[in-house]
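Structure first, then comments.
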Amino acid sequence: MGLTRLTHKRESGMKSGYWSPNRKEELVEKLAEYEDLEEQGKLLKLPCAAGDTIYHVCIPKNDEPQIIEMKVGCVEPCGAVRNYKGTCEVWNVYAETDYTKAYFKFFDFGKTVFFTKEAAEAALKELRRGKEERAGKDLDSG
């Protein structure tokens, strides 16, 4: 059962937004269906989709933090389990580059995973600032 769109993006440059050849009753009925699902907590809005670009602020062991641009390969809304070094862990988003892959949870978004490079750079700057402050405290207490 595929989605049959009731609305279409305007193609002309004269107006922006959406239009529909459908009757008002059909549109209101479909909107009501989505609103009902949302009220029941059954409407799920995912943070990303397969093919999206994300930016991971990565801290390699004994190395400088860096930003890795990755492509989302798969999104598992309810989570999927993988066995990593003998431990089962749940993940929601699988992403990769030509040289690495990573598994993320939805709550990683906005913390170590971002949708724009600018947001990732701001997080990296904060991370480095915190690291410098901790290093300064260690020197003061030593």
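The values are calculated or read from the model by the stated rules, or taken from the named source; none is laboratory data. Note that the coordinates shown come from a computational prediction; the quantities given were computed from them, not determined experimentally. Cβ placement follows ideal geometry from the backbone for every residue including glycine, while neighbour counts extend to all protein chains displayed. To get the accessible areas, we keep the full protein, side chains included, count just its heavy atoms, and leave off ligands, DNA and RNA. Shrake-Rupley method; radii C 1.70, N 1.55, O 1.52, S 1.80 Å.
Springs join every pair of Cα atoms under 10 Å in this Gaussian network model of the chain, and among Thr87, Thr97, Thr112 the largest mean-square fluctuation is at Thr87.
Please give the charge dipole size of segment 52-129, origin at the Cα centre, charges +1 on K and R Cβ atoms and -1 on D and E Cβ atoms. Round to the nearest 20 debye. Display every interim value, and only then the final one.
Details: 11 positive and 12 negative charges, 51 e Å.
In debye, rounded to 20, segment 52-129 gives about 240.
Between the Cα long axis of helix 117-141 and the first principal axis of the chain there is an angle of about 30°, rounded to the nearest 10.
Ligands, DNA and RNA left out, the 1.4 Å accessible surface of segment 1-140 is 52% carbon and sulfur atoms. Helix 24-39 and the longest principal axis of the Cα set of the chain meet at an angle near 30°.
Under the convention that each Lys and Arg Cβ holds +1 and each Asp and Glu Cβ holds -1, the size of the dipole of the chain around its Cα centre is about 180 debye.
The stretch between Glu39 and Asn62, if pulled fully straight at 0.36 nm per residue, gains 3.5 nm over its current Cα-Cα span.
Using the Kirkwood formula on the Cα atoms of the chain, what hydrodynamic radius do you get, in angstrom to one decimal?
For the chain, inverting the mean 1/r across all distinct Cα pairs yields 19.1 Å.
Looking at the chain, the accessible area is 78 square angstrom per residue; that uses a 1.4 Å probe and ignores ligands, DNA and RNA.
Distance between the 7 Å Cα→Cβ label points at Glu118 and Leu46: 2.7 nm.
How large, in Å, is segment 4-76 by the Kirkwood hydrodynamic radius built from its alpha-carbon pairs?
Over segment 4-76, the inverse of the mean reciprocal pair distance is 16.6 Å.
Of the cross-linked pairs Lys15/Lys71; Lys9/Lys45; Lys61/Lys105; Lys42/Lys125; Lys9/Lys111, which ones have a Cα-Cα span greater than 28 Å in the structure shown? In this structure, Lys15/Lys71; Lys42/Lys125; Lys9/Lys111 lie more than 28 Å apart at Cα.
Kindly identify segment 42-122 as rounded, prolate or oblate by the Cα gyration tensor criterion: order the square roots of the eigenvalues as a ≥ b ≥ c, call it rounded if a/c is under 1.5, otherwise compare a/b with b/c, prolate if a/b is larger, else oblate. Since a/c reaches 1.5 but b/c is at least a/b, the shape of segment 42-122 is classed as oblate. Going by accessible surface with a 1.4 Å probe and the largest first, Leu124, Leu27 read Leu27, Leu124. Only one residue of Tyr103, Ala80, Ala50 has its Cα farthest out toward the positive end of the dipole of the chain, where Lys and Arg carry +1 and Asp and Glu -1 on Cβ, and that residue is Ala50.
In plain terms, the chain from Arg10 to Val28 could stretch by 4.5 nm, reckoned as 0.36 nm per residue minus the Cα-Cα distance. With a/c under 1.5 counting as rounded, go ahead and sort segment 82-121 into rounded, prolate or oblate using the C-alpha gyration tensor (a ≥ b ≥ c being the square roots of the eigenvalues; past the cut-off, prolate if a/b is larger than b/c, else oblate). In terms of gyration-tensor shape, oblate.
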